Structures are given as C-alpha cells and as structure tokens.
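Below: the structure, in structure tokens.
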Ligand SMILES: Nc1nc2c(ncn2[C@@H]2O[C@H](COP(=O)(O)OP(=O)(O)O)[C@@H](O)[C@H]2O)c(=O)[nH]1
Ligand SMILES: [Mg+2]
C-alpha cells in the first residue's frame, strides 16, 4: 500500500525578519493539522527546507474535479445526484473550515480533489490562513478565475479579511462550471475581462436560462443563484447553505451523513469507478462527522488531533480495535527514518535552492483595460492566469503495516532495583537511542504498543512504566509524558476555567522572558508559540497562587511540554503543573532557599561519595555547586540542553524518583571531571558555564548507576549540614557495606582504645600508606568520626583522598559516613531535652572497614553498645516504661523505684563520659542485673532499628563467613524484639482504664415510631421458590458453564485476556467462588 | 587609553612563578546587577566574546565568565559574576557581590523603572558590599535612542551625586562597552590588590561562598585543618 502526498511551496519574503515569518507560518500551520474532516486533505507537516523554501505537506489525490469533467468530455455533468453530492461535500467541507475559523480563498476546479471512491477532498485550503493572507510568505492566493466580485472591486487581497463570503461565490462558480462546462464562463485565454468585468459579467445574465436549458434541477439552480448573490450581506453562509432545499429536500433539518451517503451511493451508481471503503474507516468518519455538530469547539480540536488525542475518544466509542497508524504518523516515521527528504523530492522536480531572483514577488501586475487605474500600483491582485500558480509537488510513501519483524534492543537501567552496594554488571545500552528513533520498523512496533497502552490508560499504568523504561516513541512523547505524570486523559476543563486575560503581577516578567525562551525552536519562536506560552504560564501562576510563584526558568521548563503538545494547551499546562508538583519540591516557592540548599547539599554529598577525588579538588578551589548548578536544577536542565536532547533526559526523569535531578547534576560534573581536575577556580567555573558536549545517554547511565549505588542516607539524612561536602552514611547502610570496607577510625587514640569497630584502623599520618594499600582490595573506605561537627572538616578523609586512596582502583569509592542519633521519637520531655546531647555524643562517622578480620559476636556487640551507651542511657526511660507495661505489678514497682534514681545517674555518667569514655563500660557493668537485662532489650531494639534494612539471612551468610554468624544471631534476637516491640506498641495505644469508664452506650431519649407494613400487607418470609434454595451442584455447574461460554464467546475482551479466561476455565473452583 | 582583551588562555593550575610582578594577572572580581532583561548578560557577552545574541535566554541564578585586559603594564583578569535579574533571585545576590572589587549596575535607557531598580542596587551595594567597591552605572541599549525614556542628564546627575562611574552603552552595537570595563580597571587600586591578595589568599573562592548563614564554615574548617587555604584563589 502506498499513499500520495503533496508539497506546496511558499516563498519567504526577502524583508527583514524573514526567519521569524517562516516560524510564524509553521506555528500557524500546527492548528491546521488538527482539522479533520472527510472532505479535507489532511495537513501533515510544514517546515523550512535547507534550501530556503517554506513547504507544507498535505495528503494528496491525483484526480481533481477538472479531471472528472474532462472524463465527461469537457461538457457539463448531467447526473443530478452527482452534482448534488459534490455540492453537498463541498459545502460540508467548507462549513467545517469556517466553523474552525479558516477561510479557503483558493478554491478552484483544480484543487478540489477526488479520492478513489469519488469523495471530495479540498486541498490548498491552508495557504490563505497560514500566510495570514500572504503577509508571511509569497504564495498564490485567490485564483483570479474564481474571485468574488467584492474582491475584484476592492482591488486588494487584503479585502479578503473582511469578506468572509468570498468562498460561497466561488462554490457557485464551480457548480456553474460543472453544470455547463468550464468554457461557458471563460475560454481559457489570458484575457480575464470576461470574468472580471463585474459591471457586466456577460455570462451572468444568461446563466439562468442556460442552466434551465441544460436541464439542471430547479433545486440546484436555486442553490447556485443563492451562492451567486451579488450582495455580500444577502449571500448565505455555508451554514445556511447546508440547510438549503437542495440537501434537505424541503425539510427543515440539516442534512446528516445519511443523505451524504445516499448521494454518494448514487454517485457510485453512475459509471464512475468506485472503491468500497473499509467499514471501520467509514464508521469512524461518520462518527467524527456527526459529532462535529454537537461538540464544543475545543473538544472538537482535541478529538480531531489525529496524532494523539483521539485515541481516548475513540476508545470510548468503539469496542476493541487494534491501534492503527494515521497518515501523519506514517509520514513522520518515514521522516524519522530519513527516507523522506523534501529537498530530494523537490530536486526531482528541478527545484534547487532558491536563486535570489526567484525570491522576488511571484505576481506580476496585469493591467486589464478595466482595472488599469484602480490596480495600477497593486502588484498583488490581478495577474495573468498563467502567473497564478498552485502547483503541488507530489510523492508517494509506502505505508508501513504493523506486522513486521521488529528489531530487539537491549534494555537500559531501570529504577526498580533498590540501592545496592555492588556496582551493576549491566553496561550502558549499546544501541544509541538516536539509532532506535531512526529505525522506522522499530518505531512502528513501539508506536502501536504505546497507542494501545495510552488507550487503556490508567489501567495500563504498570505496563506504561515498564515500556517507557525501554524508550518512548518520539511521535507519542507528548501524550506518554502526560500519562507518566498521571494526567487523566479525560477532557479536563480546569485550564479552560482559568482566566488568562486579566493582567497579573507576573505579566511583566513573562513579557521579558517569553521572547527569549528556546527561540531556536521553530514552534516556540512563532507568534502562536509566544501566545500559547504566555497563556500557559499565566494559567500556572494563577492556579498555584498562594502556593508557588513564577521564578525565571519556569518558562524554560514549560517549553518542552508546549513543543510536544502544541495543539493542546490544556495538556501542556497540566503536564507542567504535575511535573513541578512532583519533581520540584519547594523550588518554586516564594522562599526557595531551603529547597535549593537541600539540592545543593545533596549534590555535594553524592559527589564526595561517588567521586571523592573530584569533590576534594572542588573543595580546595572553593567551588560549590550553587555556583553552577542553580540553573540546571531550576530548569531541570532545560536551559543547558536543547529540546531534542532534553527529551531523552526527561524520558528518564519522568520515571525516576523525585530527587533524581541531583544525580544528573553529579553525572554531568563527573563527565567533565578530568578537565576540572586540571583547572583553577575561574577556569572550572567557566567550564561549567560553557559545558563541552555532554552525551545524554552516558549521563543518564551514570546518574542511574550513581543512584543505585548511593545509600539514601548519604544525601537525605535529616541532620545533613549545609556546609558539609562530606557524604555521610547512616548506620543501616553502613552495616551493609561494612564487609567490603576499609574502616578508618578518626577519633582520638583514646576513644579508639576504648572501643572500636573490629578491624578498623586508627588514623595516624604514618598509616596513610597502609590504608592506601589496603584499599586496593576493598570497595569502600569509611571514616569514623566522633561527632557530626568533626565530620565537617573531615581532614583525615580529605588527606586519604589526596594520598590517592580513591585513585588506586576506579571502581573504588571512599566515603565518609556519619551515624546520626537513632534516638526514638518521643513526646517525653526529659528525653527530647537530652536527645540533642545524645546525638552529638552518639553520632560518629566511620570510614573504611575490613573483611579480613572477623567481627566476632562479642566484638560487634561491644562496638554497638559502646557507641550507643550514652544515648541509650538517656533515652531509656521511655523504653523502660513501655517495657514495664509487660511486667508484673510487683516487678513494676521495684523498677519504678530504680528508675526514679536513674536520671541523676544518667547525668553523672554524662559528665564522666565527657571526659573519659571508658568509665562508661565500668559504670555500665556495675549496674544491677535486672537493669542490665533491660538494657539488653534496649540494645535489641536499637539493633533492630539499625539493622532493619538488612536483606535476608542467605544474603548475609553469603556475604562473608566471618561476619555472618554474629549478624545472623543478632537478627534472630532482633526478630524477637520486633514482636515484642509491636506488642508494646499495641499496649501503649490501648486506652487507659480511666478513659474506658467514660464510655458507654446511651439511647436517644425521644423515640420515634414509624408506621410499618402489616403481615398481611407484606410478608417478610422469603419466597419458597427463590433460586438459592435450589442451587444444586448440577445447577452450579450449569451456571458456571453458561457464564464461561458467555465470557468465551460473547463478552468483548482483549485477545490476551481471552487466553487467560480459557485457562481459568480449566480450574472451575475459582469461578465457582466468584459465583457464590 | 583602551584595554583590548588579550587572547591569552587561562593559566594552568601550576603557573610558573613570574619574575616580573606586573606580568601576573591581577584578579578583579566584578559583579553585574540590574533589572531583568536590561542587557546584563549581553554586555558581558559583548565584552568577553564580542558577540551579541538577539534572544539571549534569561540568566538563572548566576553565570560566571572571565576576561583579561591589558592596562598599561598590567594584565587584569576580570572574574565576572552575571546575576539573574528577577527580583526573587535578589536573595542570592550577596553571595556574588561579597568581596567584589567592582560592580556594574545596568539599566535600560528605554525603561524608566529599570533606573529605579538600578538605584536600589547601588544603595544595597553601598550598604552591604566591600566599602571600596567601584560601581559603574551603565545605561544599556543606546542603539534604541528613538525609544529612550531615561534622559542621560538624569542618570548622569545621579551617578555623580553618588560617586559612580557612568556611561551609556549598547551591547548590540558594541558602543562603549569596552570603555565601561576600562574605566573600572583604571580606577581599581591594582597595587593594593596585589599586595593584599598575596597576604590573605582571599581569592574569589572565599568571596563566593555558599548562600545562607554559616555557609562557608565547612570549607573553611576543612581548609584550615588540612592546611590548604593558601591554594584557594588559583593562579595568584
Ligand atoms: N536593542 C538592544 N537590545 C539589547 C541590548 N542588550 C540586550 N538586548 C536585548 O535585551 C534582552 C535581554 O538581554 P539580556 O542580556 O538577557 O538581559 P539580562 O536579563 O539583563 O541579562 C535580549 O533580548 C537582548 O537581545 C542592546 O544593547 N540593544
Ligand atoms: Mg542575564
């Protein structure tokens, strides 16, 4: 199967701002693509060719009305049904155009095309509209042989703007030509006076007689004469013409498709060749045609956007049809695959680049005797017929069908895996995205798949995520993004209800920013584009009033959504709103400093975790991410990448977690790391502002990998200090990497002696070399610090990095971690007041661990206990109290007495500990046995929270034989304590006895008695014959079978589901369950 | 005398100790302030690359550029922070003008309101910035003379009253752009800068600290503890 397309050429004006007018033209063309009527050639594409032409591409059919007449021997067409049918189709098509605010003004026998089944297809109807009547480009408008008298009289094409009934006259002329043959009015010579002499219009006087003589039906004659009404005011509009007796047969109702089809069948009955259209197509066309009269204008546009939107609507009205490719999609697939080149097609017609002489205006003034003076200095209107040019350059494309061999590509990284300390074996997908996008066959399969998914959205949300992770077909990106953002495809009226006209405070800024927003893009730089941007941004500002505000950069963010949904502002708006809501947590608030700082800090921590050497370099230079990354973050990279590349980046962002942006910042910085490492402060910053080419796919790969490998605590610990460049790791994650880490203890030697993580190395300058060597065999290097404050400096970590620790093996990362206080949330006052001490004391950072030395059970306990003692002591009252709830009353009393003493004890300890930490242990050991056991319980809770994130026992066991036993053992104890904990929780939440006494059941004091039925009136006993009494096993089976046959044969289901159903039938139990 | 930009590339990380002191480039930190779309970025672009872009995208946060000039026997390296114009970004501005030796406050001669905004920037600089900062008031878009709404005299009078350098320029035509920077270069006490720079090691790095209170703590701590403070500031 193939299809003919036609190219129309427009000549750009030579005046200043020509590129502007080209993009304005393309901007105006976009809406034309949404026009969709059975009587219009579909508008497909517009652009500027590299040789300087502006071109438009439309559906095309080789046969014209003129051809039809020639086939009939050049005389008039006599069959009244054919004439009537053509008249009806012409008027319907034009009425549709006018209802959409588009005037044709280019109508002639030559550009009314006929498709294979002889349906009328108007062509070239877009030229007048998109060029603003020739203002934006040189193009032939207004075939002189068909101009209405008022246009001839006014002597200027500009008058067309005010004469919206010119096309009605032209339809009259076309019908005259069809009835009487084109030579009746005009003999084809260059002498136009015969047609253009409006005073006499010699042929007009005899027209009626001629029509009657030609046996034309009175209805048609009356119709023609209505069209050829000299007075513009009295001339009917197309809307009125549709209700003419010719079509209604005297009834008042406007013609429906039925009448159109009647006419068509009778047309088919004549000896013209006919081709039956497939039923589906006819149905959908009819649907569109009918709905046109009922739907609101905007909905109409949505519906008729053949590219994307109409899947939704059609899905509601049709049962199940496999998705199909529209002509526009077919064209764009060819274009993506570069099998269409406008330049080459034109070259075949001998059209190269435009020689400057050709860029002069196309029209040459012709002085007919009559118009000599009035038209003397008008170079545009009346011209030789030969200089009127509406040539269409045609070419054919092969239609790609859905059932083809589809190349399979490897799948990229996904966001489904949780963080893991092991670098993934998966490499970057080998097939570049760009190649995939250029492969038309691959794209067909993707398109069809996504059309299906989109049609079934939101039920298909899971599949959508899965498929989008592979790639998103460029032709459906707009709607796929919308679905990913969770925007319901139903017609959303929110946007329409926002008043986008009343001035607001943001207007001034918008006015300044919009003309500077992604102006390299043809659509966004067009006038239409500017207007749309202004409306969307304004709507956003208004809809977020009191919540978010306009920050410069928002315009950049909106640009991709508009470019992808140029014909659907409402969707672009909703996407923008959802996108900002989802990924810009606080960045667009009036005061965004908190959010901004959080992002900046996260970038720092991730960089230092993943690339300590680079981080160290930047720290030395005094460069912080806020010096370069603010525009990246605020615009989600829209300001540093052009749209085509940005799309790929956002494809991933839309699937990722909300803080993924910071990983992309890291990925970009990492890609230029080698250059950065050799540069000084200002050259680094200059490099950031003028980034070298960044490969987007590498960037995505690096970022996803970094996201997977970075423990969440590194960038999201609540206590992260803004100034810190040092990635800190939470205790949970630490336990996961402890086996693969060299641990460097950076606390004082004394503290180290008191207690330390087994196998850790106390930091001494002379140990640098040892650590460096050791780090060869490990994945991580972790530093432990005593307090979060001392982590800030992290001088030791810094020195390690400088000594080359991170450099030995590129796989190796060094990182610093802080364990922040694990203190439990509690409303207890005494605790919250002390917990701050607890955190500063209990917090410590670690660096580097050890696999070689085993962490014996005792040792580990020691370490954890040792480090938590202080906090635990202080925190314990709540825990103890809750524990007590489980004890017997006697024990409780005893404990309470002891607890009464504890706070002071705690204080004592606190003071001691501040000086000598090992006094802890002795004090601790000297405690009574009961308390000891209690402490044990607390430790367990502690450990539980610490180790919560540990995966499975099996994993742990495989991680290292030396480490496993203790951990497994601990885990066992932990699971016990988890149960206890939950018990405690329940107990704690149980209402107090005192509270319970308050409650009771009370009756309303006034009782109302309602009248009811007497037994004789209404018998409450069930009917003796009701089914369930008789649902015998046989009946059950029968029902089941009936249901299954119905499901199998009659119910409309997806094919895939059908398979599923058939399987299900084999296991009747489930179905029975459903029935009963 | 004019100071055409030299074509020298930036020095590497380890510049050879220059025997003649005057051959060392003197770093001058300069900040551009002014209302949105008055043409700040365009002025810098003209100065740095001698280009003009019709639809320059808005600056978000800030942009950093450098340019070297020769003035008599000295080389001056301007380190320029071009800031965002939108009012909301004003809270970030201190981070850029802190420790700046010079500021260009721009307005648009076709927009009266932009001069008012410029005045408020001048006021803020006089209050908050380095007390010796050299401020130049620049009326941009001189090429749009026909649409002028701010009389030269008005701005001139204000500038002399406040002791500012003043000129009108056009980033589009390039007129008087170079002069702005030359005049600033002339007025900067270069000798003094050279001397103080080597003493404190306070490069632009320290100046451009993180926003917010206590922002610089981490780095300062670190530098002190690791003894690397002297390396800050790059090539001096
Ligand atoms: N006519 C004219 N336009 C200028 C001039 N300088 C800048 N512009 C335009 O003014 C707009 C804003 O410029 P930009 O440098 O981004 O301003 P900024 O926001 O202050 O950085 C851009 O569209 C520029 O093209 C100038 O000297 N003359
Ligand atoms: Mg700017």
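Bear in mind that the values in this text are calculations on the coordinates, not laboratory data. Predicted model, so just to flag it, every value in this text is computed and none were measured. Cβ coordinates were reconstructed from backbone atoms using ideal geometry, including for glycine residues, and neighbour counts include every protein chain displayed.
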Sorted by Cβ density within 10 Å, fewest first, the residues A:32, A:531: A:531, A:32
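Please give the contour-minus-distance gain from residue A:694 to residue A:248: 0.36 nm per residue of separation, less the Cα-Cα distance, rounded to one decimal in nm.
154.0 nm
When ranked by the protection proxy of mean other Cβ atoms within 10 Å per residue, highest first, what sequence do the peptides A:577-589, A:736-748 form? It would help to have the intermediate numbers written out before the result.
Numbers: A:577-589: 18.8, A:736-748: 24.8.
Per-residue Cβ counts within 10 Å, averaged per peptide and sorted highest first, yield A:736-748, A:577-589.
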Each label point is 7 Å from the Cα along the Cα-to-Cβ direction; what then is the distance between the points at residue A:208 and residue A:435, in nm? 7.6 nm
Checked the range B:26-192 with the C-alpha gyration tensor, a ≥ b ≥ c its square-rooted eigenvalues, rounded below a/c of 1.5, otherwise prolate if a/b is larger than b/c and oblate if not; verdict rounded
Backbone N within the range B:125-152 under 16 Å of label point (7 Å from residue A:511 Cα along the Cβ vector): B:147-150
Residues A:67, A:205, A:115 arranged by fewest to most Cβ contacts within 10 Å: A:205, A:67, A:115
The range B:113-142-the range B:24-48 distance, computed between alpha-carbon centres (Å): 13 Å
Which shape class applies to the range A:591-724: rounded if a/c is under 1.5, otherwise prolate when a/b exceeds b/c and oblate if not, where a ≥ b ≥ c are the square roots of the Cα gyration tensor eigenvalues? rounded
Within 10 Å of each Cβ of B:61-74, how many other protein chain Cβ atoms are there on average? 4
For residue A:501 and residue A:217, extending 7 Å from Cα along the Cα-Cβ vector and measuring point to point gives, in nm, a value of 4.5 nm
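Within 10 Å of each residue's Cβ, count the other Cβ atoms and sort B:138, A:171 from fewest upward. Walk me through the numbers on the way to the answer.
Values: B:138 30, A:171 23.
With the sparsest Cβ surroundings first, the list reads A:171, B:138.
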In nm, the gap between the two label points placed 7 Å beyond Cα toward Cβ at residue A:67 and residue A:776 is 8.0 nm
Between rounded, prolate and oblate, where does the range A:589-669 land on the alpha carbon gyration tensor, with a ≥ b ≥ c its root eigenvalues, rounded for a/c under 1.5, else prolate if a/b exceeds b/c? prolate
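Over the range A:7-94, what relative contact order in percent results from Cα pairs under 8 Å that are six or more residues apart?
On the way: 76 pairs, mean separation 24.6, N = 88.
Computed value for the range A:7-94: 28 percent relative contact order.
Just counting partner chain Cβ atoms within 10 Å, what average do the residues of peptide A:674-684 show around their Cβ? Write out the running numbers ahead of the final one.
Numbers: counts 0, 0, 0, 1, 3, 4, 14, 14, 17, 8, 4.
Average neighbour count from other chains, rounded to a whole number: 6.
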Please find the FRET efficiency linking residue A:117 to residue B:127, where r is the Cβ-Cβ separation and R0 is fixed at 51 Å, and quote it to the nearest 0.05. 0.05
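Which of the peptides A:105-112, B:156-163 is most tightly packed, and how do the rest follow, judged by the mean count of other Cβ atoms within 10 Å per residue?
Details: A:105-112: 23.1, B:156-163: 13.5.
Ranked from most to least packed, the peptides come out as A:105-112, B:156-163.
From Cα pairs below 8 angstrom and at least 6 apart in sequence, can you work out the relative contact order of the range A:62-248, rounded to a whole percent?
Details: 238 pairs, mean separation 48.1, N = 187.
Once normalised by length, the contact order is 26 percent.
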What does the structure give for A:627-634 when I average, per residue, the other chain Cβ atoms found within 10 Å of the residue Cβ? 5
For the range A:434-489, what does the relative contact order come out to in percent, with C-alpha contacts under 8 Å and a separation of six or more? 37 percent
Distance between the C-alpha centers of the range A:476-521 and the range A:206-240? Whole Å please. 48 Å
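At a Förster distance of 22 Å, what's the computed FRET efficiency of residue A:594 paired with residue B:87, Cβ-Cβ distance as r, to 0.05?
0.70
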